[in-house]
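The next block holds one structure in the form of C-alpha cells; read it before the comments.
The values are calculated or read from the model by the stated rules, or taken from the named source; none is laboratory data. All figures in this text were calculated on a predicted structure; none of them were measured in a lab. Cβ: placed from backbone, ideal geometry, glycine included. Neighbour counts: every protein chain shown.
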C-alpha cells in the first residue's frame, strides 16, 4: 500500500496561510509544521544552488520531502 502525502505547490505564494508579519525566511519552517511535502516550482526554470537546497533542508524537519518539478522538454 502506498502513502499519500498532501502539500501545496510552493510555500511562498500562500499569504492567507501565514500569520501577519511572518518573514519570508520563516515561511518554509512554518509550512513544514503543517505539511510533510512541497512542490518546488523553481526547478522548472533552473537548478537551484546547492547552498539554497541545503538551506531548505536545514529549515525543515527530518523526513520532510521536496517534490522537484522538472522542466518540460
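Quick notes
- Scanning the range 19-39 for residues that are surrounded by 13 or more Cβ atoms within 10 Å (Cβ to Cβ) and either at pLDDT below 95 or more than 25 Å from residue 4 (Cβ to Cβ) (or both) returns 22, 26.
- Residue in the range 13-25 that is under 17 Å from residue 55 (Cα atoms), in contact (Cβ under 8 Å) with a residue 12 or more places away in the chain and under 9 Å from the mean Cα position of the chain (by Cα) present: no
- So residue 16, is it at pLDDT below 95 and either in contact with a helix residue (DSSP H, G or I) (Cβ under 8 Å, 6 or more places away or on another chain) or not in a helix (DSSP H, G or I) (or both): no
- Filter pass, residue 22 being farther than 21 Å from residue 69 by Cβ and in contact with a helix residue (DSSP H, G or I) (Cβ under 7 Å, 6 or more places away or on another chain): yes
- Residue match in the range 2-13 (condition: part of a helix (DSSP H, G or I) and surrounded by 14 or more Cβ atoms within 10 Å (Cβ to Cβ)): no
- Leading residue by the ranking (nearest to residue 4 (Cα to Cα)) among those in the range 40-71 that are in contact (Cβ under 8 Å) with a residue 24 or more places away in the chain, in a loop (DSSP other than H, G, I, E, B) and touching a helix residue (DSSP H, G or I) at 6+ places or on another chain (Cβ under 8 Å): 64
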